[in-house]
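*Asks:* One structure follows; several queries about it will come next.
The values are calculated or read from the model by the stated rules, or taken from the named source; none is laboratory data. Treat the numbers as computed from the prediction; the structure is a model and nothing was measured. Every residue, glycine as well, gets a Cβ built from its backbone with ideal geometry; the counts of neighbours run over all protein chains shown.
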Amino acid sequence: MTAVDHRRSYPALPHPGRRVPVLGDVLAFSADSPSQSTMQLAKLGAVFEFRFFGARYVVAAGPEAVAELSDESRFCKHVGPDIEALRLLGGDGLFTAYNDEPNWQKAHDVLMPAFSQQAMRRYHSIMFDVADELTDRWDDRAGRGETVDVSVDATRVTLETIGRCAAGHPFGCFKSEAVHPFVEHMVAGLKGSDRVGVLRQTFLPRFFVRRAERPVRHHAAQLHAIADEIIAARLRDGLGHHDDLLELMLVSDLDRANIRYQLINFLVAGHETTSGALSFALYFLSQHPEVVASARAEIAEVWGDEQRPGFEHIAKLRYVRRIFDEALRLQPTVPGYYRAAREDTVLAGVHPMRKGDWVLALIGTLHRDQRWGRDPDAFNPDRFAPEEVRARPAGLYKPFGTGPRSCIGRQFALHEAVLLLAVLLRRYDLIADPDYELQIAERLTLMPRDFRLELRRRQ
Ligand code: MNH
């Protein structure tokens, strides 16, 4: 525990250059890419601040500061402004729950078995079923010489997978050209929550907050209706002959409102971030033929001619896994997480915090720290070779957050992503438009925008 000397005064934190009275630092931000704007400010210092209409955000960008925030004896997860607004959609579900809400521990205990090895074995064949739907679609596009929008199809595959694995619910994402209404309402709800979160912190009249909440409440109601229908369908079907996350909840003593919130939490958290990560990985692969060649050699060795390799064959794809790890390093799809002080303390020697004060920890800057070695901006899966991992200081890699509130779906995401990357690398040459420059769309999470691939069947 760091003792705080309140007699000592600390210099003010650095902030963006063109600060305007009342408005604050609005000029430093682009409305539809707040995370990327924040990343660009990281050069201000290891800990910096920005303000909007009286709202104050403190950001930890320096790797030492972010590492310090992982110390569970001093800091804990904080439900930051945008995540708090997300409670309009997700209530007290796992991701959006406050640390001390009783339903967090209760649901965490109920749901852990849904992420055990044994459960993962069940998901494995569902993941392959959905991969087949993706390759049917891509074969068709390849046959017609058409390109595919990678993020849109990655979202199809990950939503379909989590729907079936968690709740036995086929969304039918490959049955229609339209974006599924669940995705539409989710995206609008996520974007709106970001705005509501900021507005609630400002001194602007509450009218502005209520006006921004209105569409979010609308999209939330639509998501609730979809979740309620999935639950009702399961109850009509009867309990006792399914073996999934929804079943675990329905036979537990979680209340019905919480079950709905958990389902929405899982359907959102369980596909959006994996979809972005898969898309970034495919982007990097399209730029690195030498990495593709190494991956294919491994896939050929581990999978041979088998059409549907078994569960164990996924973990053996060490190099494909490194590709995914490296994609999540360079482009973490969750840009940051919030941490609050458990007691009065000083962060990184520069920022005194009272108990309960929070900061935003940036993942992107941590992931490109000099301690990653030569050229941290370059894509190089070998960084995740065991000897390189051992040679590096710990704590430089946090794509799944930190501590007891870190990602419960990590193994799920890794299994799904490695399986899909192997299927796609084996089946297609992935050809990007040489003029495409990576652009990133933000909706709380990050994903490539308008990234298209031309596909050529290899086998
Ligand atoms: Mn996921 C928490 C990133 C895939 C379900 N996830 C988190 C956090 C990060 C994160 C970061 C911590 C946020 C915070 O501290 O506020 N998650 C990811 C990434 C991927 C991902 C980068 C894919 C790649 N997550 C998944 C999948 C599922 C899932 C797949 C479900 C099947 N995640 C969650 C849940 C939480 C979470 C639930 C909240 C856990 C808790 O607080 O107990």
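*Asks:* I'd like to verify a number: residues in segment 157-170 that are without any contact (Cβ under 8 Å) to a residue 24 or more places away in the chain and either surrounded by 24 or more Cβ atoms within 10 Å (Cβ to Cβ) or part of a helix (DSSP H, G or I) (or both), how many?
*Replies:* Residues that pass the stated criteria total 0.
*Asks:* Right, something else. Which pairs have Cβ atoms under 9 Å, sit 6 or more apart or on different chains, and link a residue in segment 123-149 that is without any contact (Cβ under 8 Å) to a residue 24 or more places away in the chain and on the phi < 0 side of the Ramachandran plot to one that is surrounded by 20 or more Cβ atoms within 10 Å (Cβ to Cβ) and of a type in the set (Val, Ile, Thr)?
*Replies:* Every condition considered, the pairs that remain are Asp132/Val423.
*Asks:* Let me ask another. Can you tell which of Leu245, Leu235 is of a type in the set (A, V, I, L, M), within 30 Å of His124 (Cα to Cα) and surrounded by 22 or more Cβ atoms within 10 Å (Cβ to Cβ)?
*Replies:* Only one candidate qualifies: Leu245.
*Asks:* Go through (1) more than 30 Å from Ala327 (Cα to Cα); (2) surrounded by 15 or more Cβ atoms within 10 Å (Cβ to Cβ); (3) modelled with pLDDT of 95 or more and name the single condition Leu278 misses.
*Replies:* Leu278 satisfies all of (1) more than 30 Å from Ala327 (Cα to Cα); (2) surrounded by 15 or more Cβ atoms within 10 Å (Cβ to Cβ); (3) modelled with pLDDT of 95 or more except (1).
*Asks:* To continue, here is another question. Any residue in segment 284-298 that is within 15 Å of the ligand (Cβ to nearest atom) and at pLDDT 95 or above?
*Replies:* Within segment 284-298, one or more residues are within 15 Å of the ligand (Cβ to nearest atom) and at pLDDT 95 or above.
*Asks:* Among Ser151, Ser193, which is within 16 Å of the ligand (Cβ to nearest atom), among the polar types (S, T, N, Q) and in contact with a strand residue (DSSP E or B) (Cβ under 6 Å, 6 or more places away or on another chain)?
*Replies:* Exactly one of Ser151, Ser193 is within 16 Å of the ligand (Cβ to nearest atom), among the polar types (S, T, N, Q) and in contact with a strand residue (DSSP E or B) (Cβ under 6 Å, 6 or more places away or on another chain), namely Ser151.
*Asks:* Here are Arg206, Arg234, Arg211: which of them is in contact (Cβ under 8 Å) with a residue 40 or more places away in the chain and among the basic types (Lys, Arg)?
*Replies:* It is Arg234.
*Asks:* Taking segment 58-99 as the search range and keeping residues that are more than 13 Å from the ligand (Cβ to nearest atom) and among the acidic types (Asp, Glu), which one is surrounded by the most Cβ atoms within 10 Å (Cβ to Cβ)?
*Replies:* For segment 58-99, the residue satisfying everything is Glu68.
*Asks:* Just checking, which of Asp132, Asp140 is in contact with a helix residue (DSSP H, G or I) (Cβ under 9 Å, 6 or more places away or on another chain) and acidic (Asp, Glu)?
*Replies:* When all the criteria are applied, what remains is Asp132.
*Asks:* When you scan segment 385-392, do you find a residue that is more than 30 Å from Ser30 (Cα to Cα), buried (at least 18 other Cβ atoms within 10 Å of the Cβ) and modelled with pLDDT of 95 or more, even just one?
*Replies:* No, there is no match, as no residue in segment 385-392 is more than 30 Å from Ser30 (Cα to Cα), buried (at least 18 other Cβ atoms within 10 Å of the Cβ) and modelled with pLDDT of 95 or more.
*Asks:* Moving on to the next point. Can you name the residue in segment 23-40 that is in contact with a Pro (Cβ under 6 Å, 6 or more places away or on another chain) and not acidic (Asp, Glu) and is also farthest from Gln439 (Cα to Cα) among such residues?
*Replies:* Among those residues, the one meeting the criterion is Ala28.
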